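*Asks:* Questions regarding the structure given below will be posed in turn.
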Amino acid sequence: MADASIENAGLLVVDKVAGVTSHDVVSQCRKAFNTRRVGHAGTLDPMATGVLVIGIERATKLLGLLSLTTKSYAATIRLGQSTDSDDADGEIVTTADASGVSDEETAAVIATLTGDIQQVPTKVSAIKVDGRRAHALVRAGEEFELQARPVTVHRFEVLETRRDGGFVDVDVEVDCSSGTYIRSLARDLGATLGVGGHLTALRRTAVGPFTLEHSRTMEEVASTPGLSLGIDDAAKLCFPHRDISDADAESISQGRWLEPIGMKGIYTVVDPSGQAIALIQEKGRRASSVMVVRPATLR
């Protein structure tokens, strides 16, 4: 029989509001669910809104295994102004008249920022430089350079362009690989056009299989604590699954291994009642667990 920690375990997809950190959301969830076992996958900047995936109870162990490799955003880029953080939270560094920039020129540069590209992360980021976070080095006034990294921008599409005096505001949608900085896309678009650019709005609309349709606001969570997906549904949504017998479920829940069947990558084994028992990976002659969802003591 499952205990309360299993019954209350799962994922919560939060629609984060602007002005709070991802850690703030974790703290609020600890209070709402009355547990310390809360974690998040994929940090969102304070100015950003949208999808933030939270793990509750045993589902915190799922977070590091989730393949959240594709992310989608809606954003607004202001051409004609650059900031030291590449977004609206930073100090203005340069201002230029962008009124002469045509839609065709913008589209041509966006095309060069689409596909497999080398991107220099924004300096106000959590990337470590000699063991210290880049954003901490910026605050300390230290000089440093970040190396370009390979990222993939699957889609970079202009939805609308608005002209406001010397500024051009471009609403875009971006689908990209994990590790891509939308702020860096805004910076590079403006820099290549010669007028500077920064991000004025950012909303994450999807992370892996999780979208705003799954999401709840923290106001809703605070008034009525509840999961977006229980641990069974989360394990089955995020990974392929293999049906197993009650005997195999008992075996894997006690830490033993199963016979491999040729499935690649991590997958979920599901017992006849629909419960996720464990996440499995096959190596050689063994299909062994990388995470036991339901140990024998909790079944």
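*Asks:* Can you work out which of the residues in segment 62-85 that are within 16 Å of the chain's Cα centre (by Cα) and farther than 18 Å from R204 by Cβ is surrounded by the fewest Cβ atoms within 10 Å (Cβ to Cβ)?
*Replies:* Taking segment 62-85 first, the residues within 16 Å of the chain's Cα centre (by Cα) are 62-75.
Those left that are additionally farther than 18 Å from R204 by Cβ: 62, 64-65.
Details: L62: 24, G64: 11, L65: 15.
Going through the qualifying residues, I end up with G64.
*Asks:* A further question follows. Give the residue that is modelled with the highest pLDDT, with candidates limited to residues of segment 238-250 that are among the hydrophobic types (A, V, I, L, M, F, W, C), over 9 Å from D271 (Cβ atoms) and outside any loop (DSSP other than H, G, I, E, B). Full working, then the answer.
*Replies:* Taking segment 238-250 as the starting set, the residues that turn out to be among the hydrophobic types (A, V, I, L, M, F, W, C) are 238-239, 244, 247, 249.
Keeping just the survivors that are over 9 Å from D271 (Cβ atoms) gives 238-239, 247.
Still in the running and outside any loop (DSSP other than H, G, I, E, B): 238, 247.
Values: C238: 87, A247: 94.
Among those residues, the one meeting the criterion is A247.
*Asks:* Cβ-Cβ under 7 Å, sequence separation 6+ or interchain: first residue in segment 113-124 and in the same structural domain as V174 (by TED's automatic domain parsing), partner part of a loop (DSSP other than H, G, I, E, B) and among the β-branched types (V, I, T). Which pairs?
*Replies:* Q119/T180; P121/I127
*Asks:* Ok, one more. Hey, can you tell me all the residues within segment 9-24 that are surrounded by 15 or more Cβ atoms within 10 Å (Cβ to Cβ) and among the acidic types (D, E)?
*Replies:* D15
*Asks:* Is it the case, given these coordinates, that K128 is over 22 Å from A191 (Cα atoms) and in the same structural domain as T200 (by TED's automatic domain parsing)? Write out each step before concluding.
*Replies:* Working: over 22 Å from A191 (Cα atoms): yes; in the same structural domain as T200 (by TED's automatic domain parsing): yes.
Considered against the rule, which asks whether it is over 22 Å from A191 (Cα atoms) and in the same structural domain as T200 (by TED's automatic domain parsing), K128 comes out as yes.
*Asks:* Counting only residues that are touching a strand residue (DSSP E or B) at 6+ places or on another chain (Cβ under 8 Å) and closer than 17 Å to V290 by Cβ, how many does segment 239-258 have?
*Replies:* In the first step, residues of segment 239-258 are kept if they are touching a strand residue (DSSP E or B) at 6+ places or on another chain (Cβ under 8 Å); the result is 239-244, 248-249, 251-253, 255, 257-258.
Narrowing further to those that are closer than 17 Å to V290 by Cβ: 239-242, 244, 248-249, 251-253, 255, 257-258.
Going through segment 239-258 one residue at a time, the tally reaches 13.
*Asks:* Identify all residues within segment 34-61 that are over 14 Å from I231 (Cα atoms) and surrounded by 20 or more Cβ atoms within 10 Å (Cβ to Cβ); write none if there are none.
*Replies:* Hits for segment 34-61 are H40, A41, L44, D45, A48, T49, G50, V51, L52.
*Asks:* What residue, among those in segment 176-197 that are assigned to a helix (DSSP H, G or I) and among the polar types (S, T, N, Q), is surrounded by the most Cβ atoms within 10 Å (Cβ to Cβ)?
*Replies:* Going through the qualifying residues, I end up with S184.
*Asks:* Scan S253, S215 and give me the residue that is assigned by TED's automatic domain parsing to the domain that holds G10, modelled with pLDDT under 95, of a type outside the set (A, V, I, L, M) and buried (at least 19 other Cβ atoms within 10 Å of the Cβ).
*Replies:* Values: S253 fails: assigned by TED's automatic domain parsing to the domain that holds G10.
Criteria check complete, one pass: S215.
*Asks:* Is there a residue in segment 111-118 that is part of a helix (DSSP H, G or I), touching a helix residue (DSSP H, G or I) at 6+ places or on another chain (Cβ under 8 Å) and closer than 29 Å to L193 by Cα? Steps first, please.
*Replies:* Kept after step one, since they are part of a helix (DSSP H, G or I), are these residues of segment 111-118: 111-112.
From what is left, the residues that are touching a helix residue (DSSP H, G or I) at 6+ places or on another chain (Cβ under 8 Å) are 112.
Within this subset, residues satisfying the condition of being closer than 29 Å to L193 by Cα are 112.
Yes, that holds for at least one residue.
*Asks:* Still on this structure: Please pick out the residue among D188, D171, D248 that is of a type in the set (D, E) and not assigned by TED's automatic domain parsing to the domain that holds F156. Even if it seems obvious, please write down each step before you answer.
*Replies:* Working: D188 fails: not assigned by TED's automatic domain parsing to the domain that holds F156; D171 fails: not assigned by TED's automatic domain parsing to the domain that holds F156.
So the residue among D188, D171, D248 that is of a type in the set (D, E) and not assigned by TED's automatic domain parsing to the domain that holds F156 is D248.
*Asks:* Okay, moving on. Please count how many residues of segment 86-108 are surrounded by 21 or more Cβ atoms within 10 Å (Cβ to Cβ) and among the β-branched types (V, I, T). Don't jump to the end; show me each part of the working.
*Replies:* Kept after step one, since they are surrounded by 21 or more Cβ atoms within 10 Å (Cβ to Cβ), are these residues of segment 86-108: 86-87, 98, 101, 106.
Restricting the remaining residues to those that are among the β-branched types (V, I, T) gives 101, 106.
The total comes to 2.
*Asks:* Only one of E57, E104 is at positive phi and among the charged types (D, E, K, R). Can you tell me which?
*Replies:* Details: E104 fails: at positive phi.
None of the others qualify; the one that does is E57.
*Asks:* State whether one or more residues within segment 63-85 are without any contact (Cβ under 8 Å) to a residue 24 or more places away in the chain and under 28 Å from G196 (Cα atoms). First the steps, then the outcome.
*Replies:* Pass one, segment 63-85, residues without any contact (Cβ under 8 Å) to a residue 24 or more places away in the chain: 64.
Checking which are under 28 Å from G196 (Cα atoms) leaves us with none.
No, because not a single residue in segment 63-85 is without any contact (Cβ under 8 Å) to a residue 24 or more places away in the chain and under 28 Å from G196 (Cα atoms).
*Asks:* Here's something else I'd like to know. In segment 36-97, which strands (runs of 3 or more DSSP E) lie fully inside it and hold 1 or more residues that are more than 14 Å from H23 (Cα to Cα)? Write out each step before concluding.
*Replies:* Numbers: elements: 38-41, 49-56, 70-79, 81-83, 92-95.
Fully inside segment 36-97 and qualifying: 49-56, 70-79, 81-83, 92-95.
*Asks:* Could you tell me which numbered condition E173 fails, if it satisfies all but one of (1) in a helix (DSSP H, G or I); (2) within 17 Å of the chain's Cα centre (by Cα); (3) surrounded by fewer than 20 Cβ atoms within 10 Å (Cβ to Cβ)?
*Replies:* Unmet condition: (1).
*Asks:* Among the numbered criteria (1) within 12 Å of the chain's Cα centre (by Cα); (2) surrounded by fewer than 19 Cβ atoms within 10 Å (Cβ to Cβ); (3) within 21 Å of V25 (Cα to Cα), which one does F210 miss?
*Replies:* (2)
Residues are listed down the side, and each one gets a yes or a no for (1) without any contact (Cβ under 8 Å) to a residue 24 or more places away in the chain; (2) surrounded by 14 or more Cβ atoms within 10 Å (Cβ to Cβ); (3) within 25 Å of the chain's Cα centre (by Cα):
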| position | (1), (2), (3) |
| --- | --- |
| F239 | no, yes, yes |
| D243 | no, no, no |
| P260 | no, yes, no |
| I277 | no, yes, no |
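The values are calculated or read from the model by the stated rules, or taken from the named source; none is laboratory data. This is a predicted model, so every value here is computed, not measured. Here the Cβ is made from the backbone with ideal geometry for all residues, glycine too, and neighbour counts use every protein chain on show.
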